[in-house]
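Since the structure comes first, as C-alpha cells, the remarks are kept for the end.
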Amino acid sequence: MITVRAARAVRAAGALLLPLLLRLLLPLLVLAPAALVQGCAPAPARMRESDGPRAAGLPETVYAAHRGGALEVPENSMAGLTSAYRRRSADVLDVDVRALRDGTLVAMHDRTLDRTTDHKGAVADLTPRQWRRVRLRPDPGLPGSWPREHPPTAAAVLDRFGGRIVLNVELKDGGGLRRLAGLIRGRGLDDSVYVQSNDWHTAAKAHRMGLLTSVWRSVRQARTDDFERWRGTVDMLSVDHGARDADIRRAVRSGIRRVWSHTVRTPEQRDRVLRLGCDGVLTDAPRLLEHTRRASREASRASDRSHAQASRGAQRDKADGPGAGRDR
C-alpha cells in the first residue's frame, strides 16, 4: 500500500515539475545552435542593466571597432558586430545609420546599396518591405566565413548591444536625429551611446536633447576648426589620424572630454596619435591592435622587471663594495 502511494506521489510530482523544466530548458535548446555558428549569438536582453557600461566608465585609452572592425568583419553587419563584441577586442562598437523612405533607421554607411549589398540604388528610396529583401555581400578578402545576412535596423543593434557595451552611432542623415534620440532614450541608453556626426550643428541639437555627442573631423577640417568653442557641447571629438601634429595637439588641448582619432589601421598610426595625446582610436582592425597592445604591455612589464633586477643588483654591488659591513 505504501509503495503504491509513493509511486503515485512521484508521478504527481513529475507531472508538476515537467512543464517547469521544459520552460527552463527550451530557450537553451533553441539558442545553443546559434552560439556555435561563427558571428552568431543570442540577442542580449534589450534594456540596460543598472550596472551596465557607461561612457563615463570607459578606460583611459579606448579602442572602438569602426563599423565593427571593417578589415576583419563585414561592416555594419549583425554578425560582424557580434563577433567584435564576443572577442572583447574593443571597448566601443561603432555603427553607421541611415534613414529609409519612411524614416526607419538602418545600419548602412554608403548612400547607396551598391558597394556592400546584392542590391543597387539609394538607401533613402527604399521602403521597409524592400529593405527586408536586401542582403549584405561580405568582402571575399575578409578572414573567415560570413553569412549573406539581412542588414540590421538601428533598433535591432540597440536591442542586441545596448546596455552590454558602449556604442558610437554615426548618424549619416541629420534628419533622423529625433527618431534616433527616441530609440536611445526609450531603452535607457542615454549615458552609453554616443551620437556622432560630421556636423557640429547636429551635435548641438543632440546635446540639447540630453544625448552624448560626438563629432568627427577630416584632415582639411581640422586645419581650421576652433575646437575650444565646442567644449561645452561635444563629449567626444574624433580627428583624422592623418591630420598634422599641431592640429591633433590643438584638439587634445581644447578641453573636450574625449579626443579620439580615426580611422586607425596599424599599430604605428595608433602609437603616433596616442603620443600626441589622443585617448582613443576608432579602428578597422581592433583584433590586430588588441594583439599588439597586449604585446606592448608584456614588453613594458618585462622591461620594468629588467630595470628592477638591475637596480637590485646595483644595490647589492654597492653593499658588497669597499667598506661594506664596517662600523661607522
Could I have the simple spin-label model distance between R54 and A156, label points 7 Å from Cα toward Cβ, reported in nm to one decimal? 3.1
Spin-label pair T127/R164, simplified geometry with 7 Å Cα→Cβ offset, distance in nm: 3.2
Run the numbers for R275 and R223: contour at 0.36 nm per residue of separation, minus the present Cα-Cα distance, in nm. 16.8 nm
Taking the Cα centroid of region 126-161 and of region 200-225, what is the distance between the two, rounded to the nearest whole Å? 28
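Values in this text are rule-based calculations from the coordinates and carry no lab data. Everything quoted here is computed from the prediction, not taken from an experiment. Because the Cβ atoms are built from the backbone with ideal geometry, glycine has one as well, and the counts that use them run over all protein chains shown.
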